[in-house]
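Worksheet for the structure shown next.
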Amino acid sequence: MAITVRPVNDADLATLREQSPRPDLGLPEQHFEAQQAGNLIYAVAVEDDVLLGTAVLDLDADSMTPELRNMYVYPEARRKGAGRALSEYLEEEARSRGFEAVYLAVDPNNEKAVPLYVSLEYHPTGEHLFVDEPEVQQVDDETQASEHYAIYKKSLTIR
């Protein structure tokens with residue numbers, strides 16, 4: 001069966017809590033509440049009724065609006081296309097709302113995410129975002145984590 005992407009619903013929250021890399025932050029509940037308020041889109045990738053991962057499209061991220069963030073594909077689901085499916089779904093959601101670009105911030109040492117984003121046609125802007133305490137560690141070895149994230153941008157007007 002193919003991977004599908006849809007907005008997170010209330011029935012997903014228990015599983016999302018269990019799979020959260022930082023359960024202490026309560027991100028699934030926070031993202032779901034913000035989605036209910038219309039401030040973001042909280043998407044989940046699913047295959048055969050199994051949740052593969054999630055991502056957020058922040059519709060109120062100041063100068064980086066909309067911002068693709070908190071993409072997390074569960075380790076056992078990686079390399080199946082869930083990250084690509086999540087980003088494509090959220091990009092289409094942004095396009096349908098009239099946005100001309102999507103932004104993201106990524107640790108430049110994140111050897112798994114950077115190649116994915118480049119393959120999805122995100123381009124570095126040359127700008128950086130300084131990060132004191134990340135919500136989710138982006139690199140396996142915490143000593144390799146950068147104190148700044150590189151800003152990438154994808155145009156939605158070019159097809």
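Within the stretch 43-53, the presence of a residue that is outside any helix (DSSP H, G or I), over 20 Å from R79 (Cβ atoms) and of a type in the set (G, A, S) is excluded.
In summary, L40 fulfils each of the numbered conditions (1) closer than 16 Å to K153 by Cα; (2) in contact with a Leu (Cβ under 6 Å, 6 or more places away or on another chain); (3) not small (G, A, S) with the single exception of condition (1). Of the residues making up the stretch 4-36, those that are at pLDDT below 95 and not in a helix (DSSP H, G or I) number 4. Looking across the stretch 1-16, the residues that are over 14 Å from Y42 (Cα atoms) and not hydroxyl-bearing (S, T, Y) come down to M1, A2, I3, A14.
Answer yes or no as to whether D58 is surrounded by fewer than 14 Cβ atoms within 10 Å (Cβ to Cβ) and closer than 24 Å to Y122 by Cβ.
Considered against the rule, which asks whether it is surrounded by fewer than 14 Cβ atoms within 10 Å (Cβ to Cβ) and closer than 24 Å to Y122 by Cβ, D58 comes out as no.
One residue stands out among those in the stretch 17-47 that are surrounded by fewer than 21 Cβ atoms within 10 Å (Cβ to Cβ) and under 18 Å from G83 (Cβ atoms): the one that is farthest from the chain's Cα centre (by Cα), which is E47. The one condition from (1) buried (at least 16 other Cβ atoms within 10 Å of the Cβ); (2) at pLDDT 95 or above; (3) within 19 Å of L120 (Cα to Cα) that A82 does not meet is (2).
Anything in the stretch 5-16 that is loosely packed, with under 13 Cβ neighbours inside 10 Å and closer than 23 Å to E91 by Cβ? List them, or say none. Those that are loosely packed, with under 13 Cβ neighbours inside 10 Å and closer than 23 Å to E91 by Cβ: R6, N9.
Within the stretch 28-40, is there a residue that is touching a residue at least 40 places away in the same chain (Cβ under 8 Å) and on the phi < 0 side of the Ramachandran plot? Checking the stretch 28-40: not a single residue is touching a residue at least 40 places away in the same chain (Cβ under 8 Å) and on the phi < 0 side of the Ramachandran plot.
Among the residues of the stretch 47-85, those identified as within 12 Å of L16 (Cα to Cα) and aliphatic (A, V, I, L, M) are V50, L51, L52, A55, V73. Cβ-Cβ contacts under 9 Å between residues 6 or more apart (or on different chains), taken from a first residue in the stretch 138-159 that is at pLDDT 60 or above and crowded, with 17+ Cβ neighbours inside 10 Å to a second residue that is part of a loop (DSSP other than H, G, I, E, B) and polar (S, T, N, Q), are listed as Y149/N110; Y149/Q138. Reported count of residues in the stretch 97-117, each being more than 21 Å from I3 (Cα to Cα), out of contact with any Ser or Thr (no Cβ under 6 Å at 6 or more places or on another chain) and either buried (at least 20 other Cβ atoms within 10 Å of the Cβ) or modelled with pLDDT of 90 or more (or both), is 9.
The values are calculated or read from the model by the stated rules, or taken from the named source; none is laboratory data. Please read all numbers here as calculations on a predicted model, not as lab measurements. Please note: Cβ atoms are built from the backbone with ideal geometry, for glycine as well, and neighbour counts cover all protein chains shown.
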